[in-house]
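Chemist: Mind looking over this structure? Questions follow.
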Amino acid sequence: MAVLVLEQSFDPPMTTEHLNEAAQRFDKCLAAHGARWMRSYVSKDRKRMICEFEAPDAEQVRASARSAGVPFDDCWTADMYARENSTASY
């Protein structure tokens, strides 16, 4: 499975209610496309969000978003680097 990043922007800022409604629709479509949501980061002003997924490829996440009616700015395959208990080496 590949690591995918989905970028979203919101104007007006996203509400918690909007996020929850979109997540419910999106989860069903992700499962149908063999993809899985891992985590999201929402900006403090709630105008931007980055979501991480595992999926066979980026098109599965894009198709899921379109099917769920979830607008997005970009979706791309990523390599993940994380600091573990030891010092990371890049």
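Chemist: So for the stretch 18-32 (the condition being out of contact with any helix residue (DSSP H, G or I) (no Cβ under 7 Å at 6 or more places or on another chain), outside any helix (DSSP H, G or I), surrounded by 11 or more Cβ atoms within 10 Å (Cβ to Cβ) and not charged (D, E, K, R)), does at least one residue qualify?
Modeler: no
Chemist: Related question: Given the residues A58, A35, which is the only one that is open to solvent by less than 30 Å² (accessible area, probe 1.4 Å), of a type in the set (A, V, I, L, M, F, W, C) and touching a Pro at 6+ places or on another chain (Cβ under 8 Å)?
Modeler: Selected residue: A35, the only one of A58, A35 that is open to solvent by less than 30 Å² (accessible area, probe 1.4 Å), of a type in the set (A, V, I, L, M, F, W, C) and touching a Pro at 6+ places or on another chain (Cβ under 8 Å).
Chemist: Those residues that are without any contact (Cβ under 8 Å) to a residue 12 or more places away in the chain and β-branched (V, I, T), I need them from the stretch 3-38; list them, please.
Modeler: T16
The values are calculated or read from the model by the stated rules, or taken from the named source; none is laboratory data. Everything quoted here is computed from the prediction, not taken from an experiment. Neighbour counts run over all protein chains shown; Cβ positions are idealised from the backbone, glycine included. Keep in mind that these areas ignore ligands, DNA and RNA; they rest on the heavy atoms of the full protein, side chains included. Shrake-Rupley method; radii C 1.70, N 1.55, O 1.52, S 1.80 Å.
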